[in-house]
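S.K.: Take this structure, written in structure tokens, and hold onto it; I'll ask about it next.
The values are calculated or read from the model by the stated rules, or taken from the named source; none is laboratory data. Every value quoted in this text rests on a predicted model; they were computed, and no experiment measured them. Please note: Cβ atoms are built from the backbone with ideal geometry, for glycine as well, and neighbour counts cover all protein chains shown.
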Amino acid sequence: MNDSRNFIEIIIDQDLQNGLDPDKLCFRFPPEPNGFLHVGHVKAIVLNFELAKKYSAKINLRFDDTNPENEDQKYIDAIKSDVNWLGYSWDEERYASDYFQQLYDWSLKLINEDKAYVDSQTSEEIANQKGTPKEPGKNSPFRNRTAEENTMLFKQMKEGKAEPGQHVLRAKIDMSSPNMLMRDPVIYRVLNASHPRTKSDWVVFPMYDWTHGESDYIEQISHSLCTLEFKPHRELYDWFLDQVVDKDKIRPKQREFARLNLSHTITSKRKLLYLVENNIVDGWDDPRMPTISGLRRRGYTPESLKSFVRAAGVAKRENVIEMSLLEFCVREDLNKKCNRMMVVQNPIKITITNLEEGHEEMLIVENNPEDPSAGNREMVFTKTVLIEREDFSDNPPKKFFRLSPGNEVRLKGAYIIKANKVIYNKEGFVDEVECTYDPKSKSGSGSEESKRKVKGTLHWVSSTKNIHITIREYDRLFEHPSPGQFPPEEFYKILNPNSMSVSTARAELEMSKAKTGDSFQFQRKGYYIMDKASPSQNMIFNKTVSLRDNWKKQAK
RNA sequence: UGGCCUAUGGUGUAACUGGCAACACGUCUGGUUUUGGUCCAGAAGAGUCUAGGUUCGAUCCCUAGUAGGCCAACCA
């Protein structure tokens, strides 16, 4: 699998065989700074940056900032930090807006060659003349303006003498082309928004199609990779390139791959923005968001995201990847890296009757069985401890390996205990369980008893020596497997009302050393990361993902 | 009354561009284990959208269907 190439690599290898100079290979990642990056972008980022790595080629980060209306410096900053966080650095940071003058000059050239004209109709009129995919369009009444008139008008547009919507510059191609994009596409419009970089220097802004290929050409990008929906744009991309390309230079090649779709989530910036603006989530980095920053805050690592998109592959067919693959990837990575910690979320009190009142004993517990170099830590063992309520049953089902009356169980890293007496409260719920412990069964003591096998091993925490923490657990934001098919206004129908739940828990003392961004495996529970918003007295942990659980599956 | 793209187990991706379909996730067994985690061993699961054709032989080439996707923003 590692040695099999995806179709993009095959194309590149063929180009190389056909004489393309390997030193001329150059890639780019071209986001528009109008939102935060999401998992789908991770695929594009990994594809392009890994290609650059594989072929020792250059790669630029280019902001496609041609529509100031929704663009913002904060998005530029977030995008840069997200790409860096993934572990990538670019050769050059570029902006399409750096090329506004060049693009403008080239437009004048198009006008002079009778390949562009100023249209003074309304956008509705233009749309109506465009025809439909099945019917040809009609020529604009302004299509035959002279080069002089077009030049004059276009200059007026540039100088701010035209209102938005009054005139646009259009490429003169073919109003009856079967490809709608070739029916005299608009290449410039007047906008009165302030641009995050050029501010008010420009009031005419080039459209995507006119900008993208020419920017690729300016940067001498050899392979311009984009998603499938841009396939119809390729003909236009090539037409625009034809107008300016110099035979001695690299002619960029647009190729399209299928975007990554994740089940139960959306990857549309517009829809993600809707969630943010309507406070359905707590900002772009809400741990339920499929944004890179949300995934990071949720506890996903760069390595896990990279291995995920690699496992998903690169091809040309529509796909929906199951969440379970993403979860597998984080668990795989976190299992190797995270220290284990004992945390009890829904406690039940265990009193060890054959222990002295006030007994305190330090135990040595390993931090990570997968990584001996992670060392050990100490845990306090006391007369009363807390275990998870679901780890005790006074009426155990078959194959219940946990604590039940008359049964033995090991407290992880400590002793084997036996349940003798169940104390109920007035409502008839279990309040406390009295146990006895086997003093010779101490973990790691080397005694016969310490090696005794019992069916169950439970995590626990001293009932007196522990700290309080807050846990935030997340579930899918959408109940529907493919929420992408719904318009934002209908999200309320498919939103999961229980996508976040908050609770408190008791953690072992060692946890007080945790710092923001630290990830742990809460033994037998899952992986958790300390949130940035944690107060010093009551740390908040976001649950990244559960451990695999064959028992729960069986119980269902 | 159009153009373009795609079609392989539940999901995703492969198959040296013609030689009896592989890998990963998921599912199920069993073993190991002081996490019902990890790890290890194994199993089930598609005969490659359909119908023709070329060929000794087709997932791969051709033809015609069928299904799905994209294209009518002064968005990218």
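S.K.: How many residues are surrounded by 11 or more Cβ atoms within 10 Å (Cβ to Cβ), more than 20 Å from the chain's Cα centre (by Cα) and either assigned to a strand (DSSP E or B) or without any contact (Cβ under 8 Å) to a residue 12 or more places away in the chain (or both) when one looks only at region A:493-506?
M.R.: Matching residues across region A:493-506 total 6.
S.K.: State whether one or more residues within region A:169-188 are over 24 Å from A:Lys231 (Cα atoms) and either modelled with pLDDT of 95 or more or not in a loop (DSSP other than H, G, I, E, B) (or both). Outline the logic, then answer.
M.R.: Let us first name the residues in region A:169-188 that are over 24 Å from A:Lys231 (Cα atoms), namely none.
Within region A:169-188, none of the residues are over 24 Å from A:Lys231 (Cα atoms) and either modelled with pLDDT of 95 or more or not in a loop (DSSP other than H, G, I, E, B) (or both).
S.K.: Condition check: of a type in the set (Asp, Glu), surrounded by 16 or more Cβ atoms within 10 Å (Cβ to Cβ), within 29 Å of A:Tyr528 (Cα to Cα) and assigned by TED's automatic domain parsing to the domain that holds A:Asp391. Does A:Glu479 satisfy that? Steps first, please.
M.R.: On the way: of a type in the set (Asp, Glu): yes; surrounded by 16 or more Cβ atoms within 10 Å (Cβ to Cβ): no; within 29 Å of A:Tyr528 (Cα to Cα): yes; assigned by TED's automatic domain parsing to the domain that holds A:Asp391: yes.
Spelling it out, it is not the case that A:Glu479 is of a type in the set (Asp, Glu), surrounded by 16 or more Cβ atoms within 10 Å (Cβ to Cβ), within 29 Å of A:Tyr528 (Cα to Cα) and assigned by TED's automatic domain parsing to the domain that holds A:Asp391.
S.K.: With A:Asn346, A:Asn368 as the choices, which residue is more than 7 Å from RNA strand B (Cβ to nearest atom), among the polar types (S, T, N, Q), touching a helix residue (DSSP H, G or I) at 6+ places or on another chain (Cβ under 8 Å) and closer than 20 Å to A:Met511 by Cα?
M.R.: Numbers: A:Asn368 fails: more than 7 Å from RNA strand B (Cβ to nearest atom).
It is A:Asn346.
S.K.: Here is a list of conditions, (1) touching a strand residue (DSSP E or B) at 6+ places or on another chain (Cβ under 8 Å); (2) more than 16 Å from RNA strand B (Cβ to nearest atom), and A:Lys455 meets all of them except one; can you say which number that is?
M.R.: (2)
S.K.: Can you tell me which residue is surrounded by the most Cβ atoms within 10 Å (Cβ to Cβ) among those in region A:405-445 that are among the basic types (Lys, Arg) and in contact (Cβ under 8 Å) with a residue 12 or more places away in the chain?
M.R.: Per the stated criteria, the residue is A:Arg410.
S.K.: Additional query: Look at A:Met152 and say whether it is of a type in the set (A, V, I, L, M) and in a loop (DSSP other than H, G, I, E, B).
M.R.: Values: of a type in the set (A, V, I, L, M): yes; in a loop (DSSP other than H, G, I, E, B): no.
So A:Met152 fails the test.
S.K.: Tell me the residue from A:Gly444, A:Gly406 that is out of contact with any Cys (no Cβ under 8 Å at 6 or more places or on another chain), near RNA strand B (Cβ under 9 Å from one of its atoms) and assigned to a loop (DSSP other than H, G, I, E, B), please. Don't jump to the end; show me each part of the working.
M.R.: Working: A:Gly406 fails: near RNA strand B (Cβ under 9 Å from one of its atoms).
None of the other options fit; the residue is A:Gly444.
Each row is one residue, and each column tells you yes or no for (1) surrounded by 14 or more Cβ atoms within 10 Å (Cβ to Cβ); (2) more than 44 Å from the chain's Cα centre (by Cα); (3) modelled with pLDDT under 95; (4) among the acidic types (Asp, Glu).
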{"residue": "A:Glu124", "(1), (2), (3), (4)": "no, no, no, yes"}
{"residue": "A:Lys134", "(1), (2), (3), (4)": "no, no, yes, no"}
{"residue": "A:Gly137", "(1), (2), (3), (4)": "yes, no, no, no"}
{"residue": "A:Phe142", "(1), (2), (3), (4)": "yes, yes, no, no"}
{"residue": "A:Ala147", "(1), (2), (3), (4)": "yes, yes, no, no"}
{"residue": "A:Asn150", "(1), (2), (3), (4)": "yes, yes, no, no"}
{"residue": "A:Leu153", "(1), (2), (3), (4)": "yes, yes, no, no"}
{"residue": "A:Met157", "(1), (2), (3), (4)": "yes, no, no, no"}
{"residue": "A:Ala162", "(1), (2), (3), (4)": "yes, no, no, no"}
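S.K.: For region A:267-307, how many residues are more than 11 Å from the chain's Cα centre (by Cα), of a type in the set (A, V, I, L, M) and either in the same structural domain as A:Pro488 (by TED's automatic domain parsing) or not in a loop (DSSP other than H, G, I, E, B) (or both)?
M.R.: 4
S.K.: Related question: So, in region A:507-556, of the ones that are closer than 24 Å to A:Asp391 by Cα, of a type outside the set (A, V, I, L, M) and modelled with pLDDT under 95, which residue ends up nearest to the chain's Cα centre (by Cα)?
M.R.: Restricting to residues being closer than 24 Å to A:Asp391 by Cα, of a type outside the set (A, V, I, L, M) and modelled with pLDDT under 95, the top hit is A:Asp549.
S.K.: State which residue pairs qualify: first residue among the aromatic types (Phe, Trp, Tyr) and inside region A:364-387, second residue in a strand (DSSP E or B) and surrounded by 16 or more Cβ atoms within 10 Å (Cβ to Cβ) in any location, beta carbons under 7 Å apart, and separation of 6 or more residues or different chains.
M.R.: Pairs found: A:Phe381/A:Leu363; A:Phe381/A:Ser462.
S.K.: Turning to a different aspect of this structure: Condition check: more than 29 Å from A:Arg296 (Cα to Cα) and out of contact with any Gly (no Cβ under 7 Å at 6 or more places or on another chain). Does A:Pro22 satisfy that? Full working, then the answer.
M.R.: Details: more than 29 Å from A:Arg296 (Cα to Cα): yes; out of contact with any Gly (no Cβ under 7 Å at 6 or more places or on another chain): yes.
When the stated conditions are applied, A:Pro22 passes them.
S.K.: Considering each of A:Glu327, A:Glu256 in turn, give the residue that is modelled with pLDDT of 95 or more and not in a helix (DSSP H, G or I). Show your work before the answer.
M.R.: Values: A:Glu327 fails: not in a helix (DSSP H, G or I).
Going through A:Glu327, A:Glu256 in turn, just one is modelled with pLDDT of 95 or more and not in a helix (DSSP H, G or I): A:Glu256.
S.K.: Closer than 19 Å to A:Gln254 by Cα and away from RNA strand B (no atom under 11 Å from the Cβ): is that true of A:Asn112 in this structure? Even if it seems obvious, please write down each step before you answer.
M.R.: Working: closer than 19 Å to A:Gln254 by Cα: no; away from RNA strand B (no atom under 11 Å from the Cβ): yes.
Considered against the rule, which asks whether it is closer than 19 Å to A:Gln254 by Cα and away from RNA strand B (no atom under 11 Å from the Cβ), A:Asn112 comes out as no.
S.K.: Go through region A:516-547 residue by residue and tally those that are under 17 Å from A:Lys337 (Cβ atoms) and aliphatic (A, V, I, L, M).
M.R.: Result for region A:516-547: 4.
S.K.: Given the structure, is A:Lys543 among the basic types (Lys, Arg) and touching a residue at least 12 places away in the same chain (Cβ under 8 Å)? It would help to see each step written out before you state the result.
M.R.: Values: among the basic types (Lys, Arg): yes; touching a residue at least 12 places away in the same chain (Cβ under 8 Å): yes.
The answer is yes for A:Lys543.
S.K.: Also, quick follow-up: Quick one: A:Phe205 ticks every box in (1) within 34 Å of the chain's Cα centre (by Cα); (2) under 22 Å from A:Tyr99 (Cα atoms); (3) surrounded by fewer than 17 Cβ atoms within 10 Å (Cβ to Cβ) bar one, so which box is it?
M.R.: (3)
To keep it simple, each residue is scored yes or no on (1) more than 11 Å from RNA strand B (Cβ to nearest atom); (2) within 20 Å of A:Ser215 (Cβ to Cβ).
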| position | (1), (2) |
| --- | --- |
| A:Pro33 | no, yes |
| A:Ile45 | yes, yes |
| A:Lys53 | yes, no |
| A:Asp64 | no, yes |
| A:Asn67 | no, yes |
| A:Asp77 | yes, no |
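S.K.: Could I ask something else about it? Hey, any hits in region A:206-219 for a residue that's in a strand (DSSP E or B) and in contact (Cβ under 8 Å) with a residue 24 or more places away in the chain? Full working, then the answer.
M.R.: The first filter runs over region A:206-219 and keeps only residues in a strand (DSSP E or B), leaving A:206.
Going one step further and asking which of them are in contact (Cβ under 8 Å) with a residue 24 or more places away in the chain, we end up with A:206.
Yes, region A:206-219 contains a residue that is in a strand (DSSP E or B) and in contact (Cβ under 8 Å) with a residue 24 or more places away in the chain.
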